[in-house]
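The values are calculated or read from the model by the stated rules, or taken from the named source; none is laboratory data. The model shown is predicted, which means the values in this text are computed figures rather than measured ones. In this analysis, Cβ positions are derived from the backbone assuming ideal geometry, glycine residues included, and neighbour counts consider all displayed protein chains. Protein only, heavy atoms only, side chains kept; ligands, DNA and RNA dropped before computing areas. Shrake-Rupley method; radii C 1.70, N 1.55, O 1.52, S 1.80 Å.
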Amino acid sequence: MTDARVPDSVPDSEPGVAGRLVLIAGATSASGEAVARALVAAAARVLAVGTRQEALDALRASVPGVETRACDLSDPDAVVELAMRIHLESGHLDGLIHLVGGWRGGGGIAGQSDDDWEFLERGFRTLRNTTRVFYDDLVASPAGRLAIVSSTAVEKPYPGGANYAAAKAAADAWVRAIAQGLAKEAPHGAATVFVVQTLQGLEAQLGREVVALWDAEALAVNGRRVPLDPARMDG
């Protein structure tokens, strides 16, 4: 979906995220801010994307060095337009960190409401939209990385969280399918799923793990489901 990749400024043989262009989707959450802070500290070029301009302004003030873009990532046409602007103004992506999501649940199977499903499905839709539009960027990058945060509920869903677990399972499967594609088309690229029971308190660890994706060999992280360990949240 994108034009030919211009030569990357960071050599393939050089590890690390420094100088690489990384987009954070859903960047105005606590986890988004933590990931942005970690990437900026590692000298990455960070594009933070969200829907609320005032929240993006606050993020830019809190994490100097972050660039922001307002976009409704659930709208495919808006994502295509965003990609065109990014390619024109900043270049092509080396990373996509997708953090759009949230919890909705309760009420058992019969209580799994359509409103909750629509909210949860929107997060999956933004993942589909962004990865389809930026997939060619990840393939062409000498170190393309994709990451999402999934849930332990995928393996052990409960009736009250059936909507949530189903949406997370769909996102999980989608990213692992991308991992298979990267393994064939771009063995220097990787797609990774971080798994948590709850992300609260683990935001800084998530930031460190995201940065570490560029320090690792692609083969070591591609298609992996990586648990975030609460015991290491202060490490």
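Here is how the numbers come out for the structure above:
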item	result
Extended-chain gain in nm, criterion 0.36 nm per residue less alpha-carbon gap, R85 and D215	43.9 nm
Principal-axis tilt of helix 114-140 within the chain, Cα atoms, nearest 10 degrees	20
Accessible area in square angstrom per residue, region 118-235, 1.4 angstrom probe	44
Gyration tensor verdict on region 10-77 (Cα atoms; rounded if a/c is under 1.5, prolate if a/b is larger than b/c, oblate otherwise)	oblate
Degrees, to the nearest 10: 203-212 long Cα axis against longest axis of the chain	40
Scattering curve values for region 70-130, log₁₀ I(q)/I(0), Debye with Cα scatterers, q = 0.19, 0.23 Å⁻¹	-0.75, -0.95
Cα-Cα separations in the chain greater than 32 Å, expressed as whole percent	14
Angle between the chain longest axis and helix 30-41 axis [Cα atoms, degrees, rounded to 10]	20
Region 149-235 shape via C-alpha gyration tensor axes, a/c threshold 1.5	oblate
Mean residue ellipticity (222 nm) of the chain, computed from DSSP H runs ≥ 4 via -39,500 (n - 2.57), nearest 500	-14000 deg cm²/dmol
Extension gain from A43 to D114, taking 0.36 nm per residue of separation minus the Cα-Cα distance	21.3 nm
Estimated dipole of the chain in Debye, rounded to 20 [Cβ of Lys and Arg +1, of Asp and Glu -1, Cα centre]	400
